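**Student:** This structure is in structure tokens; I'll ask about it shortly.
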Amino acid sequence: MCGVFGVHAPGRDVARLSYFGLYALQHRGQESAGIAVSEDGRLTAVRDLGLVPQVFDERTLSGLHGEYAIGHTRYSTTGANAWENAQPLLHHGRARNVALGHNGNLVNAEELRTAAGKPLGSTSDSEVIAALIADDDRPLAEAVAATMARLEGAATVVGLADGKLFAFRDSFGFRPLVLGRLGEDPVVASETCALDLVGAAFEREIRPGELVIADEDGLHSVQAVEPAHHGALCIFEFFYLARPDTRLAGVEVHGARVRMGERLAAESPVEADLVLPIPDSGTPAAIGFARASGIPFSEGLIKNRYVGRTFIQPDQELRRQGIKLKFNPLAEVAGTMTDFDPFQRFV
């Protein structure tokens, strides 16, 4: 899971727009953040380990100029949590230079790395994608489409090359990607909440297997690879990964989680004193369960709002420590229940 953002907006501060877009997507990755801009075809990137406001300040943002920008927040899957794997990655190839941000996980990354035939600067599967595009002598749209056809696994991508912005989803659409408009300027993002923050109007979702390219002539779309028959948007997006104010496949995530709780109460009724949520992603489902079951709803764990997501910490020990930092039980509520141990399932 990562967050990606892209914008083509001549005359606007695209770096700052990307900063705010990444701020809205911080929940999708807390290990590193980065922004790349394209000015007259020249690529510049700033990326580092840390949260979005730790990587960027006013001085850094003011030095990033261009008509196009992409941004990335990283939760590591393939490749260690190290600076060289922070994104957007810059890759200098035989045909072009590419800046690229990737949300997903390729299952044939090692095969493609071997096929690239040269050492890469990172250990992530994302640079493999950039290298394939950068070394393809064909026009950008053809090079990206040919690369998409070789990828196996989850790949939602934003990139800059040849003075253009491009974005695509794999044929299954494992990870989300939406298209919005800031006036007439196109904006792409992992979730609609990022569009809301920058003031862009939601237009539609990027289809599985679709490639969009934004340049000075407008936005161009092509079905680069055939979509899978049914698609396979990850269910984890609905019950944990996405922000509750995001809309996925036309459905608001908060409402979907409430209905999941209602359905759970119908399928698995229990006798209980209270329904207690595990903040924050579990709260809507607990509301739905309580509503459908008639069991009273109560907060039982108080969350420290200054602790980030623990699920996406890079190792188990950090998760354990994060849980202890993040939650503390309400003693009076715990005293009304039998065998109440709020940390047992986590620690």
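**Student:** Which order do peptides 257-266, 182-191 fall in by mean Cβ count within 10 Å, highest first?
**Tutor:** 182-191, 257-266
**Student:** In square nanometres and to one decimal, what's the mean projected area of the convex hull around the Cα atoms of the chain?
**Tutor:** Seen from a random direction, the Cα hull of the chain projects 18.2 nm² on average.
**Student:** Output the relative contact order of the chain, whole-number percent, from Cα pairs under 8 angstrom with separation of 6+ residues. Provide the component values of the computation, followed by the final result.
**Tutor:** Working: 796 pairs, mean separation 48.3, N = 347.
It rounds to 14 percent for the chain.
**Student:** Cα gyration tensor of the stretch 187-271, axes a ≥ b ≥ c as square roots of the eigenvalues: rounded (a/c below 1.5), prolate (a/b > b/c) or oblate?
**Tutor:** Here the stretch 187-271 falls in the oblate category.
**Student:** Counting Lys and Arg as +1 and Asp and Glu as -1, each charge on the Cβ, what is the dipole of the chain about the Cα centre in debye, to the nearest 20? It would help to have the intermediate numbers written out before the result.
**Tutor:** Values: 33 positive and 45 negative charges, 101 e Å.
Rounded to the nearest 20 debye, it is 480 debye.
**Student:** Next question, about the same structure. Determine the sum of side-chain charges near Arg207: Lys and Arg each +1, Asp and Glu each -1, restricted to other residues whose C-beta is under 12 angstrom from that of Arg207.
**Tutor:** Neighbour charge sum, excluding Arg207 itself: -2.
**Student:** Moving on. Based on DSSP H assignment, which helices of the chain show an axial Cα extent of at least 18 Å together with a mean Kyte-Doolittle hydropathy greater than or equal to -1.0? Write out the running numbers ahead of the final one.
**Tutor:** Working: long enough: 253-267 (21 Å, -0.33).
Those that pass (Cα extent of 18 Å or more, hydropathy at least -1.0) are 253-267.
**Student:** With runs of 4+ DSSP H residues as the only contributors, calculate the mean residue ellipticity of the chain at 222 nm using -39,500 (n - 2.57) per run, divided by the residue total and rounded to the nearest 500.
**Tutor:** -8000 deg cm²/dmol
**Student:** Another question, if that's okay. In whole percent, what relative contact order does the stretch 103-157 give with Cα contacts below 8 Å and a gap of six or more residues? Intermediate results must be reported in sequence, preceding the final value.
**Tutor:** Details: 43 pairs, mean separation 30.2, N = 55.
Once divided by the residue count of the stretch 103-157, the mean separation gives 55 percent.
**Student:** Specify the residue with the greatest mean-square fluctuation among Ala24, Ala134, Ala82, computed from a Gaussian network of the chain linking alpha-carbon atoms under 10 Å apart.
**Tutor:** Taking springs between Cα atoms under 10 Å, the residue moving most is Ala82.
**Student:** For the stretch 1-135, what does the alpha-carbon gyration tensor say about shape, rounded, prolate or oblate, given a ≥ b ≥ c as the root eigenvalues, a/c under 1.5 as rounded, and a/b over b/c as prolate?
**Tutor:** Working: a/c = 2.15, a/b = 1.34, b/c = 1.61.
It comes out oblate by the Cα gyration axes.
**Student:** Could you compute the FRET efficiency for Glu152 and Leu330, with r as their C-beta to C-beta distance and R0 at 41 Å, rounded to 0.05?
**Tutor:** About 0.30, to the nearest 0.05.
**Student:** On to the next question. Just to confirm the filter: which trypsin sites (Lys or Arg not before Pro) across the stretch 51-149 are DSSP coil and have at most 11 other Cβ within 10 angstrom of their Cβ?
**Tutor:** Arg94
**Student:** Counting C-alpha atoms alone, how compact is the stretch 114-231: give Rg to one decimal and Dmax as a whole number, in angstrom.
**Tutor:** 14.5, 44
**Student:** Give me the percent of the accessible area of the chain that comes from carbon and sulfur atoms, probe 1.4 Å, all protein chains in place.
**Tutor:** About 52 percent, which is the carbon plus sulfur part of the accessible surface.
**Student:** Name the residue from Val253, Leu112, Ala228 whose Cα lies farthest towards the positive end of the charge dipole of the chain, charges +1 on Cβ of Lys and Arg and -1 on Cβ of Asp and Glu.
**Tutor:** Final value for the positive-end residue is Val253.
**Student:** Now, a different point. List the chymotrypsin sites (Phe, Trp or Tyr not before Pro) in the stretch 278-308 that DSSP assigns to loop (not H, G, I, E or B) and whose Cβ has at most 16 other Cβ atoms within 10 Å. Which are they?
**Tutor:** The qualifying sites are Tyr306.
**Student:** Rounded if a/c is under 1.5, else prolate if a/b beats b/c, else oblate: with a ≥ b ≥ c from the C-alpha gyration tensor eigenvalues square-rooted, which is the stretch 57-192?
**Tutor:** Taking the square roots of the gyration eigenvalues as a ≥ b ≥ c, the stretch 57-192 is rounded.
**Student:** Using a 1.4 Å probe, what is the accessible area per residue for the chain, in Å²?
**Tutor:** Details: 15590 Å² over 347 residues.
On a per-residue basis, the chain sits at 45 Å².
**Student:** Estimate the FRET efficiency between Ala116 and Glu142 by the formula 1/(1 + (r/R0)^6), using the beta-carbon distance for r and 25 Å for R0, to the nearest 0.05.
**Tutor:** Here the calculated transfer efficiency is 0.85.
The values are calculated or read from the model by the stated rules, or taken from the named source; none is laboratory data. Quick caveat: nothing in here was measured; it's all calculated off a predicted structure. Every residue, glycine as well, gets a Cβ built from its backbone with ideal geometry; the counts of neighbours run over all protein chains shown. Side chains included, ligands, DNA and RNA excluded: accessible areas come from the protein's heavy atoms. Shrake-Rupley method; radii C 1.70, N 1.55, O 1.52, S 1.80 Å.
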